[in-house]
Amino acid sequence: MQKDKKMRKHSSEIGIGGLNSISSLEADIMKIVWEKGEVTVREVHEEMLKKEVSKRDSGFTPYTTVMSTMTTLSDKGILNQNRIGKTYIYSAAMDKQELSRSIMETVADTLLEGTSKDLVFTYLSDSDNLNTGAIRKLLKKIDSLK
């Protein structure tokens, strides 16, 4: 069992620790929420299981882990949590671009100073720049400024 835990990537984080940080598991959950709109924990868990089975992963994410992670996302203000009877219905509190911008701004604020920081904020103000390839180019530019 210990070996399975070491193989999982769920603990790595995107961004800087704290409110504007998101783990790989949280990112996977958000992708499902953005795709489906409004969901329950069970729906997200079933969707994740389908993906894990299709990839033939050796370990599967437990329902309770999905439930607690979605509660954490709600506490961070990334998910909305509404109770209907005994069931919680979740929806995204922010879209992909808002979350990306928030994480990038936190990274820029924490790690960069002066012109590099201004470059990132200018870059992030143009939503067309928020894709993986463009972000990699920006990071190379920042690295060359050092």
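The values are calculated or read from the model by the stated rules, or taken from the named source; none is laboratory data. Since the model is a prediction, treat every value here as computed from it, not as a measurement. As a convention, Cβ positions derive from the backbone with ideal geometry for all residues, glycine included, and neighbour counts pool all protein chains shown.
The residues of segment 54-80 that are in contact with a Phe, Trp or Tyr (Cβ under 8 Å, 6 or more places away or on another chain), part of a helix (DSSP H, G or I) and over 13 Å from L25 (Cβ atoms) amount to a single one, S74.
Among the residues in segment 73-83, are any aliphatic (A, V, I, L, M), over 14 Å from the mean Cα position of the chain (by Cα) and modelled with pLDDT under 95? No, segment 73-83 has no match at all.
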